[in-house]
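Since the structure comes first, as structure tokens, the remarks are kept for the end.
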Amino acid sequence: MSIQQWVTPLEGLDSLRQTEAPMASPGAGEVLVKIHAVSLNYRDVEVTKGEYKHHKSAEQNATIVPCSDMCGVVVQVGSSVTRWTVGDRVLSTFLPEHQTGQVTEKELARSIGLPLNGVLATHRVFPEYGIVQAPSYLSDEEACTLPIAAVTAWMSINGMRPMGQPGGQDEYVLLQGTGGVAIAGLQIAKAAGAKAIIISSSDDKLEQAKQLGADFTINYRTTPNWEEKVMEWTQNHGADIILETGGAQTLRKSFDCIAFGGLIDCIGYVSGKVDAQDDRLNVNLLALRRTVTLKGIINGPKDRFEEMIRFYEAKQIHPVVNRVFSFTEAKEAFQFLESGSHFGKVVIKVQA
Ligand SMILES: NC(=O)c1ccc[n+]([C@@H]2O[C@H](COP(=O)([O-])OP(=O)(O)OC[C@H]3O[C@@H](n4cnc5c(N)ncnc54)[C@H](OP(=O)(O)O)[C@@H]3O)[C@@H](O)[C@H]2O)c1
């Protein structure tokens, strides 16, 4: 039996191709997982296009298996494995070595889906400490969306609070766009009792966000000064937490609608990584002006992932899966995510 997998030489979505590899077998302390479903992240598109260069990366292979988020079942355990038995349903973690606390450069250098081989394959070996139990109430397609998008949103809302004491009640939480991180953030915020504000380029997507409980919606295309609307709607309070996924074109606006003492989580850069030449940010003054905490986020550790799963189970949150592609349609799935037409998550069903 062999492994079916997708690989990329990091030269663009067209260079993705399906190949076969010999079946892997787990070594000591490892498990072999049969992968059922994989979810895509913005990062996977960037990686495949050779544009994911802002982290100093360890040596990487010229060609890798992309993607980091999967749900599957343990089919073989190596010697000395104590945590898992055959048949356990598990999820990957983006940084398998990052078990707790602040992420380190060493842990980051072991990210899956670059520089290590990822999960867009029928099988993969994981260290036994690098996976978590999948919540039983979720389908494979729902559960596979949790490792990057949901954990990142969870850490943005709760990472500054003590473990086991998630919050958000009565806070204003601002989400940017309607992609994976933002929609997970919306679901977490609403389940926590927060008031959620969301911006999107599409009125249709804003309608869908309202169905999920969004309290205030703004179209950032038709209302480019959306930060003013945030201030108006919050009666000049501003957002207590902003999940900054926009980057270059949104950060200045986030500084203009953050609450005093608020938290801006620097997560992503879908609107660009570099400030416009004629519109440089003076972050020192902007941070001082409203006593802002600016916090860089890189996913989260395994113990906080498990904390999040307990919250999802208690609140029975079902992640939003926008579209499911078959394994052979992986390239189309990447193109669909790149087009930005999705709402929530895009999933590839690998096998039953
Ligand atoms: N630091 C971390 O640990 C971490 C983890 C996950 C993701 N990220 C980063 O976070 C960002 C989002 O990731 P994702 O996986 O959620 O992406 P995604 O699912 O591809 O969603 C991207 C969404 O961003 C919105 N968008 C595009 N241009 C925008 C703009 N100018 N202003 C506001 N929103 C805009 C669009 O929503 P509408 O169509 O509704 O406008 C789009 O659907 C990416 O930069 C990614 O690299 C970082």
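Tabulated data for the structure shown
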read-out: Residue 67 in contact (Cβ under 8 Å) with a residue 40 or more places away in the chain, under 21 Å from residue 300 (Cβ atoms) and part of a strand (DSSP E or B); value: no
read-out: Hits in segment 157-175 (condition: in contact with a helix residue (DSSP H, G or I) (Cβ under 6 Å, 6 or more places away or on another chain) and either within 16 Å of the ligand (Cβ to nearest atom) or under 15 Å from residue 245 (Cα atoms) (or both)); value: 157, 173, 175
read-out: Test: residue 110 is in the same structural domain as residue 19 (by TED's automatic domain parsing), assigned to a loop (DSSP other than H, G, I, E, B) and either crowded, with 18+ Cβ neighbours inside 10 Å or not β-branched (Val, Ile, Thr) (or both); value: yes
read-out: Pair list, Cβ under 7 Å, 6 or more apart: segment 143-169 residue part of a helix (DSSP H, G or I), other residue surrounded by 24 or more Cβ atoms within 10 Å (Cβ to Cβ) and of a type in the set (Ser, Thr, Tyr); value: 147/68; 147/92; 147/93; 148/68
read-out: Leading residue by the ranking (farthest from the ligand (Cβ to nearest atom)) among those in segment 230-249 that are open to solvent by 60 Å² or more (accessible area, probe 1.4 Å) and touching a residue at least 12 places away in the same chain (Cβ under 8 Å); value: 237
read-out: For residue 200: the one exception among (1) within 11 Å of the ligand (Cβ to nearest atom); (2) touching a residue at least 24 places away in the same chain (Cβ under 8 Å); (3) open to solvent by less than 10 Å² (accessible area, probe 1.4 Å); (4) in contact with a Phe, Trp or Tyr (Cβ under 9 Å, 6 or more places away or on another chain); value: (2)
read-out: Residue 31 at pLDDT 95 or above, part of a strand (DSSP E or B) and surrounded by 21 or more Cβ atoms within 10 Å (Cβ to Cβ); value: yes
read-out: Extreme residue, most open to solvent (accessible area, probe 1.4 Å), among residues of segment 283-311 that are in contact with an Asp or Glu (Cβ under 9 Å, 6 or more places away or on another chain) and among the hydrophobic types (A, V, I, L, M, F, W, C); value: 294
read-out: Per-region count, segment 176-193, residues more than 10 Å from the ligand (Cβ to nearest atom), surrounded by 24 or more Cβ atoms within 10 Å (Cβ to Cβ) and free of Cβ contacts under 8 Å to residues at least 60 places away in the same chain; value: 2
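The values are calculated or read from the model by the stated rules, or taken from the named source; none is laboratory data. All figures in this text were calculated on a predicted structure; none of them were measured in a lab. Heads up, the Cβs are rebuilt from the backbone with ideal geometry, glycines too, and the neighbour counts pull from every protein chain shown. Accessible surface areas use protein heavy atoms only, side chains included; no ligands, DNA or RNA. Shrake-Rupley method; radii C 1.70, N 1.55, O 1.52, S 1.80 Å.
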